[in-house]
Amino acid sequence: MKRDPYEVLGVEREADADEIKKRFRRVARDLHPDVNTEDPEAEEKFKEAAEAYEILSDSERRSVFDRYGHEGLSSSGFRSNAQSFGSFGDIFDAFFGGGDPFGGGFGGGAVQGGDVGVSVEIPLTEAATGVSMEIGYEAVERCERCHGNRAEPGTPIEKCERCDGAGQLRTMARTAFGQMVRTQPCDVCQGTGERISTPCSECRGRGLQTKEKTLGVDIPAGIADEQRIRVSGRGHAGERGGPNGDLYVLVRVAEDPRFIRDENDLVTVVDVPAPAAALGTTVSVPTLDGHEDIDIPAGTQPGEMKVLKGIGMPSVRGRRRGDQRVIVNVVIPRKLSQKQREALEAFQGTLTDENLADAREEGLFAKVRRALR
């Protein structure tokens, strides 16, 4: 008994076309023989998913199914094309026009392999200096035993008799619009044009295998969070002599509790007690190169900023480094001893308008704008 197509793809009945398409891609990739090597029923499940997509991606078919189920589709003349496809790549090509994500495609020509994506995380300090890393990932490679020709070593590879080596079959059908010719991959050789009597025991006649790989990747100084590095030719192997796909490394830069990054500038906050801000002092500020002492002039106000030129993040394009902006946070004490309170009360009694005049010169809105900057 056929299953509900919504159940097959794992989508809700209210799912839109984009969600259905994305889900079919995910299901189809999960069932691919180079990923799902241990499930002998993967191909049938794959075709079941393709039939479900045929139904749900067509608004008219979907409407008929929603009202009358599979019987309604049969009575309306629907017949799935999924069971007539010869390979996984053919189904991808038919529905998406992009071929098999592992490199398979329509016909017997060379096909480029798919791309591989992997992500790594590095600290801000390594993003500032650049780093070389060993990246581990899975990729489809040509089988070492058969060197990608799919046959057990020492056994013959012959021309497919059904398609006469063309890799394709042509069928003609009469329709209300006249005769239509349909070309599809040969169901015997799956579009290769070759017949293998003894498939390779290592790759089961696929010519490809999924393997763990490692690669040294140079991450340049100044790289930003979520930037990608492309390594050409390090992705999945192509089929029938096709070139490899590419490897894309997504770099995530971990947050550093000392800094906030603003493009190539770094922003840090330094706490200065209120009496020290009034009298002036020297404080130590963390930088990428260590610590640096900066002078806090007498009368420094909350939110004032010091700029340390040229010690921020380097530009990934090789230009000069950014700056480091140091924001002064004047800390007001919350807990005072009786002696401290008396001293502050005595000090407060000595303040005059002349003492506060310079601090009042900047208006309220100017202070807000400065704080927001």
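Every number here is computed from the coordinates shown, using simple stated rules; none is lab data. Note that the structure is predicted; figures quoted are calculated from it, not measured. Here the Cβ positions follow ideal geometry from the backbone for every residue, glycine too, while neighbour counts run over all protein chains shown.
Miscellaneous remarks
- Mean Cβ neighbour count within 10 Å, used as a protection proxy, ranking 150-156, 230-236 highest first: 230-236, 150-156
- Cα-Cα over 22 Å, subset of 21/47; 2/47; 21/211; 22/47; 159/211; 2/45: 21/211; 159/211
- Full extension of the chain segment joining residue 159 with residue 307 gains 45.8 nm, where the gain is 0.36 nm per residue of separation less the Cα-Cα distance.
- Highest mean first, the peptides 308-314, 111-117, 348-354 sorted by other C-beta atoms within 10 Å per residue fall in the order 111-117, 308-314, 348-354.
- Listed peptides 248-256, 44-52 by packing density, highest first (mean Cβ within 10 Å): 44-52, 248-256
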